[in-house]
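Every number here is computed from the coordinates shown, using simple stated rules; none is lab data. This is a predicted model, so every value here is computed, not measured. FYI the Cβ positions are ideal-geometry reconstructions off the backbone, even for glycines, and counts take in every protein chain you see.
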């Protein structure tokens, strides 16, 4: 499941980069929310690695535009 959610987030970030429309931003925010919820339910090593990967995929400037609070791992990046 982690790989599925990371792939969906990657696609949403790429789509937003290519087509910066409000719909793309909303989809990207939704993918981040879904992945965060999934990681919250995982054991600590999986959650930590998932958030590290997510931090590499979502630039801080984009995360600020998503209008969702940054996860601790992302806030430090």
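Just one of (i) 16.8, 56; (ii) 11.6, 35; (iii) 27.5, 83 is Rg and Dmax of the Cα atoms in Å calculated from these coordinates, so which is it?
Only one option fits the structure, namely (ii).
Distance from a point 7 Å along Cα→Cβ of residue 49 to each backbone N in region 1-20: keep the residues under 19 Å and list them by number.
1-10
Report, in degrees rounded to the nearest 10, the 0 to 90 angle that the Cα long axis of helix 2-18 makes with the longest principal axis of the chain.
20 degrees
If R₀ is 22 angstrom, what is the calculated FRET efficiency for the pair residue 41 and residue 3, using the beta carbon separation as r and rounding to 0.05? Display every interim value, and only then the final one.
Details: r = 16 Å, r/R0 = 0.71.
The formula returns an efficiency of 0.90 here.
Using helices alone, what [θ] at 222 nm do you get for the chain, with -39,500 (n - 2.57) per DSSP H run of 4 or more residues, divided over all residues and rounded to the nearest 500? Write down the numbers at each step before the final one.
Numbers: 5 runs with 60 residues, N = 77.
That comes out to -24000 deg cm²/dmol.
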